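The structure appears below as structure tokens.
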Amino acid sequence: MVNQNKDSRITLLGAGPGDPDLLTIKGVKALQTADVVLYDALTNEALLEHAPAEAIKVYVGKRSGEHSYPQETINKLMIDYALNYGHVVRLKGGDPFVFGRGYEELDYAASYSIPVSVIPGISSSIGVPALQQIPVTHRGMSESFWVITGTTTSGEVSNDIYLAAESNATVVILMGLKKLSKIVEIFKAAGKHNLPTAVVQNGSAENEKLVVGVVETIEGLVEQQDVKAPALLIFGEVVSLHPSFKNLLREYATTS
Ligand code: SAH
């Protein structure tokens, strides 16, 4: 039923990397006042419990490679629901502005003069390494970090990966699992064969998996462990701080 008495508004809400307890308190409050929740594939459905029972909950899942809900359709749904029902919470994985197309949605809503607020979320790019106790920066080891997409709109690896591979930064790559071979090649070309590398599947969620190695070995390990998307790649000396990297070195020392 159309409720014309409600003020239309949209909240772009970052859900965090997966564990429902990693949502912000402000996020919980937004969900509690939602009339409609539009949620993505990478958000935990347990979060919907914060929304009123009578709120409309719509799955607009998108995973890389799937195009079941084109962005245009999501944009339109968001507007329709806001105009007809009031407060739309657009729940997005991680942080809405880190490869989340959040700004496109903000812009679209603005073109209808619907007020939008943004509630940041813990991005997987920082949160998932942190949960593994891998710091993206560490004094004396890493002075900066890059967060890069492995797959650009044209389907190619980002040119930034070439630049990042030359730097001393920690390099976190999202949506890069399918491009791992190419990415490994880029790091090798930069002479980084032995750079510590980790791949985390489904960080903070039930089917979490971690693989730790170096540039040279990571592809084989990922295959061996059957790592699947969503996963992120971490390249950098900081990966050596992970306990399993120390074990790896110990094993290496005893076998060679
Ligand atoms: N806005 C999101 C990123 C969206 S892009 C954020 O800030 O986290 C989607 C990509 O993020 C996935 O393909 C994967 O590379 C990464 N990703 C998201 N959640 C993840 C998780 N829990 N574990 C590992 N990688 C994750």
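Go through the residues of region 206-225 one by one and say whether even a single one is open to solvent by less than 50 Å² (accessible area, probe 1.4 Å), within 16 Å of the ligand (Cβ to nearest atom), touching a Pro at 6+ places or on another chain (Cβ under 9 Å) and not in a strand (DSSP E or B).
So far as region 206-225 goes, no, none of its residues is open to solvent by less than 50 Å² (accessible area, probe 1.4 Å), within 16 Å of the ligand (Cβ to nearest atom), touching a Pro at 6+ places or on another chain (Cβ under 9 Å) and not in a strand (DSSP E or B).
Please count how many residues of region 125-174 are among the small types (Gly, Ala, Ser), in a loop (DSSP other than H, G, I, E, B) and more than 14 Å from the ligand (Cβ to nearest atom).
Within region 125-174, residues that are among the small types (Gly, Ala, Ser), in a loop (DSSP other than H, G, I, E, B) and more than 14 Å from the ligand (Cβ to nearest atom) number 6.
Residues 79, 114, 122: which one is at pLDDT 95 or above and either assigned to a strand (DSSP E or B) or within 15 Å of the ligand (Cβ to nearest atom) (or both)?
Details: 79 fails: either assigned to a strand (DSSP E or B) or within 15 Å of the ligand (Cβ to nearest atom) (or both); 114 fails: either assigned to a strand (DSSP E or B) or within 15 Å of the ligand (Cβ to nearest atom) (or both).
Answer to the selection: 122.
Would you mind finding the one in 89, 28 that is in contact with a strand residue (DSSP E or B) (Cβ under 6 Å, 6 or more places away or on another chain) and either in the same structural domain as residue 177 (by TED's automatic domain parsing) or not in a loop (DSSP other than H, G, I, E, B) (or both)?
Going through 89, 28 in turn, the sole match is 89.
Condition test on residue 65, is it within 16 Å of the ligand (Cβ to nearest atom), at pLDDT below 95 and open to solvent by 30 Å² or more (accessible area, probe 1.4 Å)?
yes
Quick check on region 191-205: of everything there that is in a loop (DSSP other than H, G, I, E, B) and away from the ligand (no atom under 16 Å from the Cβ), which residue is farthest from the chain's Cα centre (by Cα)?
The qualifying residue farthest from the chain's Cα centre (by Cα) is 191.
Checking the structure you have, find out if any residue of region 175-185 is more than 29 Å from residue 22 (Cβ to Cβ), of a type in the set (Val, Ile, Thr), out of contact with any strand residue (DSSP E or B) (no Cβ under 6 Å at 6 or more places or on another chain) and buried (at least 20 other Cβ atoms within 10 Å of the Cβ).
So far as region 175-185 goes, yes, one or more of its residues are more than 29 Å from residue 22 (Cβ to Cβ), of a type in the set (Val, Ile, Thr), out of contact with any strand residue (DSSP E or B) (no Cβ under 6 Å at 6 or more places or on another chain) and buried (at least 20 other Cβ atoms within 10 Å of the Cβ).
Run down 228, 188, 182 and say which single residue is away from the ligand (no atom under 16 Å from the Cβ), among the basic types (Lys, Arg) and either farther than 27 Å from residue 15 by Cα or assigned to a loop (DSSP other than H, G, I, E, B) (or both).
Just one listed residue meets the conditions, 188.
If I ask for residues that are within 16 Å of the ligand (Cβ to nearest atom), hydrophobic (A, V, I, L, M, F, W, C) and surrounded by 15 or more Cβ atoms within 10 Å (Cβ to Cβ), which ones from region 10-62 would you list?
Once the filter is applied, which keeps residues that are within 16 Å of the ligand (Cβ to nearest atom), hydrophobic (A, V, I, L, M, F, W, C) and surrounded by 15 or more Cβ atoms within 10 Å (Cβ to Cβ), region 10-62 yields 12, 13, 15, 22, 23, 38, 41, 42, 47, 60.
From 190, 110, grab the single residue that is open to solvent by 30 Å² or more (accessible area, probe 1.4 Å) and over 27 Å from residue 45 (Cβ atoms).
On inspection, the qualifying residue turns out to be 110.
The values are calculated or read from the model by the stated rules, or taken from the named source; none is laboratory data. Please read all numbers here as calculations on a predicted model, not as lab measurements. With ideal geometry, Cβ positions are generated from the backbone for all residues, glycine too; neighbour counts draw on all protein chains shown. Just the protein is used for accessible areas: all its heavy atoms, side chains included, with ligands, DNA and RNA removed. Shrake-Rupley method; radii C 1.70, N 1.55, O 1.52, S 1.80 Å.
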